Structures are given as structure tokens and as C-alpha cells.
Amino acid sequence: MVASVGPISPELVRQHGLTAEEYKRFTDLIGREPTLVELGIVSAMWNEHCSYKSSRLHLKTLPTEAPWVIQGPGENAGVIDIGDGQACVFKMESHNHPSFIEPYQGAGTGVGGILRDVFTMGARPIAALNALRFGSPDHPKTRHLVSGVSAGIGGYGNSFGVPTVGGSVGFHTRYDGNILVNAMAVGLAETDKIFYAKATGVGNPIVYLGSKTGRDGIHGATMASAAFDDESEEKRPTVQVGDPFAEKLLLEACLELMASGSVIAIQDMGAAGLTCSAVEMGAKGDLGVELDLDAVPCREEGMTAYEMMLSESQERMLMVLDPEREEDAEAIFRKWGLDFAVIGKTTDTLRFVVKHGGKTVADLPIKELGDLAPIYDRPHLANTYEPVIAAGSVEPPVSHAEALLKLVGSPDGCSKRWVYEQYDHLIGGNTVSGPGGDAAVVRVEDGPKGLALTTDVTPRYCDADPVEGGKQAVAEAWRNITAVGGLPLAVTDNLNFGNPERPEYMGQFVGCIRGIGEACRALDFPIVSGNVSLYNETNGRGILPTPTIGAVGLVDDVTVRASIPFRREGEAVLVLGTTSGWLGQSLYLREVCGREEGAPPPVDLATERKVGDFVRGLIRSGRLDTVHDCSDGGLAVALAEMAMPNGIGIALEARDMPTTVPLHAFLFGEDQGRYVVTCSSEAMFALRQEATEAGVPNWYLGLTGGDAIVFPGEDGIAVSALKEAHEGWLPAYMSGSAAAPDGDEPPAAEAA
Amino acid sequence: MRAAVLLFPGSNRDGDVARALRRSGAEVSTAWHADTALPEGTDLAVLPGGFSYGDYLRCGAIAARAPIMDAVRAHAARGGLVLGICNGFQILCESGLLPGVLMRNANLRFICHRQSVRVERADTDFTRGYEKGQAIDICVAHGEGNYTADRETLARLEGEGLVAFRYSDGEGRVTEDANRNGSINSIAGIYSPKLNVLGLMPHPENFVDEIVGGTDGKAMFDAMVASRAA
């Protein structure tokens, strides 16, 4: 029988992040006062991070199925069929709070955690991506955080040996006290060799693998479930310390062990470590679990049962092994120099029993720990909407050339080379297209097939209109995959929001989910994995709602694809899709006019699909090889990004442009569902005719050539000048020699 | 040509280099760090890129003392070919097979980017497929690639023509801008006195395929295979 160590005070309950009602729910469940270990276990299982208690109700509304989906949400990662007996295993996860407190280790262990989720399923990681959001460039901590996070992501991924092929970096004052580090990993497995967490068989050994358990990361998951305040930096001891070398060994050992046929079930120790992994394996298999903590390999002496159960030491795995293969399995782990210890067994009692020093320190019903976790329908306010800004009401304050120069050299519009050069994006020898493209393209083994990968979200749109913003995040990911010639297959979502107990932030969450669901359904783009990160706020101010969408598409033949740069002079440049000159929430309005306001551009999902399918068809038939989607900064920025790599300019011609849209709105508006493409002048007529017949609006913009971008009625701006501004901002900012954006203008973000 | 790719805990470009070697026609096997002998009939021992032993203590320092390295030293002494790429170059320097050291990059950050290097001599078993002075377009991916050596050693390397590659621009001009990790004399790779051991920081093994960045690295593997074809 479990002996209680003494009364559990309301204060102790509060410190464990449980409400009085949640604590009562727990004592009613077990029919007695819990031990301290049990309180620790339930706090780990029932916090927001592990139980999804505020989000579960809404996540259920998302589409998760398609004929090509092998495993949807609920496992370590999602799995889709990519043909030829191969599966793509992928997921994205946040490590926001730890990265703010200790950026190098926080970001690194974020990468480590997501890689582990992928190889736990039997897949070898073949690519990593990320999505990063930092505070305003003039916030005193931003430089330090950019520097630490970039180095941390590189430090872990480079050593582990996975190419980091894509991502995004953005800045906004609403992330000043709460940055976002979302890491995505993509792996390759055989469809009939996927490993799951579900334990089977009574009396099978439960084996602990990997690094030793230390006191790091205790209550990390509870930290991830609370808002920040000024004392948060005192939580540094709850940030885990990563060892990518140990993870690389764990990867090789696990894959070797899986190939040997001795693994029945496997679960990585992530948030809430041993507790979550053991409970999940048992509960999924309708089995009890008995653990003997005396057998757990520990880094330091005298660790208590409480500490062992809540430690988030990295690079650890839990497995249920075939008892007859135990010796072979141990030999593989010893060869790789890793700890291997039988620490328990499966039982038929449906109890989660933990023993330490000969005493039972926890004895809880295993199914109920997960199934009876609280679930809340949090009150949420209807979203407020900003008014639509008419294009004609915005006067261009500067010439188009000057505006373009400013946009390509702005913190959000500039090249992120300074960051991604710290990531090894070439290891593996399969990076067909790395950072800087619309979507990265990674060849699958020796090809010809490849995966198109991207992460996308436009937080300012989500803030202004959560439903449209949610739709746009999905549509942009779909578009980026389409723009390289990929067929978009599935999504992993990383939902970063403020405090769900505040109805306005819960309203943003609910709105974004609705938009994401609508878009995923309309585009046949199911969600197969994801992660929710709430309580992203500091001193009462929430971050911009940021539902990052990570997506995977299939390129049938990597030699037939499209990329951004203008390749040849004298080619016709067209924009496909509708341009209405939508300036609300545009980068132009914010950076050039100093106004962050208005309704964001709406996404017409039927048109999105029609235009995208048309473009993809042309790429796949080899008729288009130069394609770029229009996003931040609109058409003009898209053209600049196409011009800069090879120094080939374009002279825009007014004759074919719509007369109903003011030129600056045509150039800088952020209407959705558009692609800029080039083709030979001879091919243009037929291509435009086909587009028109398919119902795809199209405009001729001009011919590639020269070394400048020339707008109608203006002198041109040299492509080299654009490039200098584009490449220059981030290195100058990081070296401290330049730049917080103009001090004489009010920070644009204050406007909202 | 029989190539043995050494596998230290933490090696991670072992698969990339094995693939490049096979593509050029080599038979490739693996030698485990704890082994005491190279596979029978090994012509070429390859120390691949990665983070052997986590790069803990100092890059390459622990690997240099692994049991297999005695076999590599003996193989080199017999005139056998040895190729160390990136972490492999660091291990060769730490093990005394090549002189000098690789320090943190001048900017103190890991850097991964396309990089041209100039081929300093085209008469070795590694470089017969190139022209002397040719700039080849490959890449670097390292945090500690900043080569240095004492004055005397440097004079010997330069004097005896043991510099294999230098960081250059696309036209083969050795410029300060092209030398991003800060290496002395822009040195990207060096030979042993008998020209049978080559260490270099850049990664030719990731440039053997037109669709993935280009094929400028392939000639190095072709040359090695051809040198032992007889």
C-alpha cells in the first residue's frame, strides 16, 4: 500500500500547477491523499503541455485523414505514404520558453526533442526545418536571443548530422518577452517498419536506454504551461541541457535495434520524461506498468523518486523488448556506449506502480491518468475585425524603387543568410534546394523522387483576423510546395498562442483553428501531427497568434522542378492569380507607411486550388522552371527576390497592368494565391491562353534583362543595390554596427 | 580500389563519402573505431566528416587516440592512401599524420556555404582529374576550420608544395573575402610529405551529382580510384 509522506498543502498543489478542482478530481479518482511522487506525476500528466486540456476540444475539429495518411495525430509523429513502400514521418514542436531563458540549450534541445520523435518511429531523419520569431530588433535582448538560438539549432542539428534545409525568421515587438522556436523534423522509413508506443504482452521487460538521468529539466512541462513574468529567468535550472553526440549514438543504436526485430514498443522521454513515456506505453496497450527506480541509470547520487519521475534529461528512450532478445539488444547498446537498464515490466493490473528503495512510492490507475485528464471548453471571445483598407486611400509616401529598397532591407524582408549559414544544410548529399527557396527540396535516397518542405505563418494576419490568418498559413504552405512543383500531401501544426484562460486569446486560438481546418479540408491537406504551445505571454501581454504550419509535398522527379531565380534574359514575366491591390496588413503599409493595420488579405480557397493546380501542372510537364509565390511585400518583393540571385533585372511595362488598381497597390499589395512565372516570349501566348481557359487570371509584367528593376514612370533601381540592402541588414544588425529600424519613426508595431 | 571508411562515434558524413566512392567505382567497407586493423586489402582509409566523440575535449583529439588509428598510421607509413575530410582532417592533425591545427573559425560561428577552392597541384593520386590552378566549386560546413601552423612548418608546407587546396573565388583568385574561416595562407587542405595523406576542410563528397549542387568533387574520387585501378 502506498504510504503518504504527509499532508499535501493547497500551496504545494498550486506550485504543481494544479487548480483546487483538478486536485479534487485527482483525489476522488484515487480515493485518498496522494504521495508527493504521485502529485508530481499527475501534475506532469495534467498540465497543459501534456494533456492539451484547453485545446483538445478544438483540435478534434481538424481534418486528419486521407488515403495517404498512415498515422495521424496521437503518436510521436505523423506518418504518410510517399509511394514505393516508403513513408515520410514528420512533426513540428515548440521550445519557446526554454529558448527565451537559455537560448543555446533551449533551441538545441528543441531540435533534439523533435528528431527523437521522428526516429522513435523507426525513421532516419533526413531534414530539419524551423520557424523562429524574435522581439523587436531594438529590444535589448533580441540580438543575444537571435545569436543563441541560431547557434543552438546549428549546434545540435549539425552534430547530429541532419541537414537543416529551411525555415523562417521574423521580428515583432509582441515577442519581446516570449520568443518562438518551432522545430520540425522529417524522416524516412519503410511503410511496414513503423514503430509505435503501444506496449503489448504481460511481463515483458521495460528497458531504459540512452543517457543517464540528472536533475535537469525538472518541471519543464509545467514551465511550458505557465505565463512568463520578470522572475522567469530564475527558472534556468528547469532548462534541459542537450548532448547531440549522445543523440546521434541513440539514433544509430535504436535503428540497429529496430532492424534486429527485438523492439515491441518504443517511446522517447520528452516532456515529463519517464512519467509520460511509461504511462503512455501502458495506457495505449491496455496494460499496467511497474517501474523499479533503483535500476534507473542516474547521473548523480541521491536522486529522489520524485526527481527521477520528473527529470527531463535529454537523449533517453523507453522500450518494451521481446524478452528472448534482451541480450542481443543490450549488446547493441553497449557497442554504442549507451546505458541500457531493465527498469520494469508490463503487468495486467492496469496500475502504474513505481517502486524506489524497496517501497512503493506511487500506485495509480494508468488509463485514468490520461483519459480522465481535465478537458476545458474555455470561454472565448468572438474575434474583433479590423476594417478593410481601400487601396486608393493609401498615398505612396516614397517612390516605388525606394519602397522596394526599404522592404528588401527590412528586418522581416531581409535575407536570413546570417542565420542559416550556421546550419549544415548540405549533409546527406540530397539537398536539391536548401534555405532561401519557396520550399526546400530534398531528394529521397537516390531519387528521382523528392520531398518539398516548408514552414509558414503570417502572424500579423492572424492577429488582425484569426480565421483568415489561419487559412492563409495553410494556403501559403500549400502554395510554397506547389511553387517548386510539389504535390502538397500533409501538414504538421505548431500552434503558439497566449494565455488560454483569457477569452480574447482563447478566441484567437479558436478562430485560427477554424481557418486552418477550412483550408486543410479545401486543399486535401490533412494534419497528421502537431503541438500546442499556450501561455506565450509576458507580464500579461500575449504574443501575436502564431499557428506555424509545417508541410510536406511530393516531387515525383527532382530534375523536373522550379526555383526562384531569373535564369535567362529576354523572358516574359507573368503573374498568375488575382491582384486587387490589397494593402491591409501588408509589409508595405507597415514598413513604408508606418501603419500596421487593416484587414488582412482574404484567401479564396477554391481559387487558390485552381491557380496552384494549374501552375504545378506546368512545372511538372517541364514548361515552367522559374516560379515564385507572392507573399510578404507582394509582387515587387517577389520580383526582387527573383532578380537578386543572378543579377538579372526586369523592366515592368505599364501597358498590360490593370487600370483599376493604383500602381503601388498592384506592386506591393499582398493578395493571396499568386505566382510569378517566366517563359519564353514565343511560349507566352499559348500559356496565357491556357491560363485564361482554365479560369486563371494572368498579367504580363515585362521582360527579364538588364541589371535593374524598372517601374513604369520611374528610374530603375539597380539589382546590386537591392542585393546589398537585402544581404546587409542582418549581419550589420548582429555585429551591432547598424540598424535598429529608423529611430525617428514610431515602431510600427505600436500601432496595433 | 578498396576503400575503408572509418566510423567513430559521432561521425556523420560517413554515408556521404561512401556513396561518392561507390559512385566512382570503389569497393567500400567500414572500419569501426575500436577495431585494431583495417579490412584486408585496404587501399584507401577515409576519415569522414562529423563530430567524432561529440568534438568534446577538442575536435579530433579523442578520435586520434582510438585503436583503429594505429592501423591507419601503419597504412600511411606503407604508402597507403589516407583521406581526411573536415573532422577527418582535424583527426589527422591531432594524430600527427599531418602538421598544424584547426582552430575556431575567425567569426567564431559554424559556417556552411558554397566555397570555391583552388587546386594547388594536379599531380597527386587525389587530384589528377583537375588542372593545376583550377577553381572547384564545393562547400564547407564547419565550426573549426581555421588552419594554422608554426612558421617553420608553414615554410616547409609551402616550400615542399604540400598545400593541396586554397580558399579562392570562382576564378581561382586567393582573396581575403574567400577565406572566411581565417586560415593562414588560405589553406583549405594539405598533404603529407609523400603525398599519400590528404586532409581538407571542404566537402567534395557532397558535390558528385549534377542535381545536388554540381559535380566538381567527383574528379577527386575518380582520381583516387584510378590511382589504384591496376
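Values in this text are rule-based calculations from the coordinates and carry no lab data. Every value quoted in this text rests on a predicted model; they were computed, and no experiment measured them. Every residue, glycine among them, receives a Cβ derived from its backbone with ideal geometry; neighbour counts consider all protein chains shown.
A few points about this structure:
- Residue of B:107, B:179, B:87 that the Gaussian network model of chain B assigns the largest fluctuation, springs spanning Cα pairs under 10 Å: B:107
- Straight-line cross-link reach from residue A:359 at under 12 Å between alpha-carbon atoms covers these aspartates and glutamates, not counting any fewer than eight positions away in the same chain: A:292, A:294.
- Neighbouring partner chain Cβ atoms per residue of B:10-16, average, 10 Å criterion: 6
- Cα extents of the stretch A:539-613 along the three principal axes, largest first (Å): 51, 31, 26
- Radius, Kirkwood style, for the stretch B:2-227 when every pair of distinct Cα atoms is counted (Å): 16.9 Å
- Between the helical axis of A:244-259 and the longest alpha-carbon principal axis of chain A there is an angle of about 70 degrees.
- Look at B:85, A:564 and count the other Cβ atoms within 10 Å of each Cβ; fewest to most, that gives A:564, B:85.
- Relative contact order for the stretch A:76-195, counting Cα pairs under 8 Å that sit 6 or more residues apart, in percent: 42 percent
- Measuring between their Cα centroids, the stretch A:577-621 and the stretch A:307-384 lie 47 Å from each other.
- Sequence-distant lysines (8 or more away, or on other chains) whose Cα lies within less than 25 Å of residue A:610: A:449, A:471
- Peptide A:427-436 is shielded by partner chain Cβ atoms: per residue, an average of 6 of them sit within 10 Å of its Cβ.
- Note on residue A:24: lysines with a C-alpha under 23 Å away, same-chain residues under 8 apart excluded, are A:53, A:367.
- As a proxy for reagent exposure, A:635, B:83 were ordered by neighbouring Cβ count within 10 angstrom, fewest first; the result is A:635, B:83.
- Cα-centre dipole for the stretch A:266-368 with unit charges at Cβ (Lys and Arg positive, Asp and Glu negative), debye to 20: 140 debye
- Neighbouring partner chain Cβ atoms per residue of A:154-167, average, 10 Å criterion: 3
- Helix A:503-522 axis versus longest C-alpha principal axis of chain A: approximately 70°, rounded to the nearest ten.
- Mean separation of Cα contacts under 8 Å, 6 or more apart, over the residue count of the stretch B:2-227: relative contact order %: 20 percent
- Annotation for the stretch B:123-230: GluC sites (Glu not before Pro) lying in DSSP loop with at most 15 further Cβ atoms inside 10 Å of their Cβ are B:131, B:160, B:171, B:176, B:210.
- Over 21 Å (Cα to Cα) - which of A:193/A:345; A:141/A:416; B:132/B:218; A:60/A:284; A:406/A:723; A:212/A:248 fall in this group: A:193/A:345
- Ordered by the count of other Cβ atoms within 10 Å of each Cβ, fewest first, B:28, A:510, A:162, A:560 give A:560, B:28, A:510, A:162.
- When the square roots of the Cα gyration tensor eigenvalues are ordered a ≥ b ≥ c, the ratio a/c for the stretch A:648-720 is 1.5 or more and a/b does not exceed b/c, which makes its shape oblate.
- Value at 222 nm in deg cm²/dmol, rounded to 500, when DSSP H runs of n ≥ 4 in the protein assembly as shown each add -39,500 (n - 2.57): -9000 deg cm²/dmol
- Mean Cα-pair separation over length for chain A, i.e. relative contact order, pairs under 8 Å, 6 or more apart, %: 15 percent
- Measuring between their Cα centroids, the stretch A:419-492 and the stretch A:47-118 lie 16 Å from each other.
- Distance histogram in 20 Å bins (all Cα pairs of the protein assembly as shown, percent per bin): 14, 44, 34, 8, 0
- The convex hull built on the alpha-carbon positions of the stretch A:76-195 has an orientation-averaged projected area of 7.0 nm².
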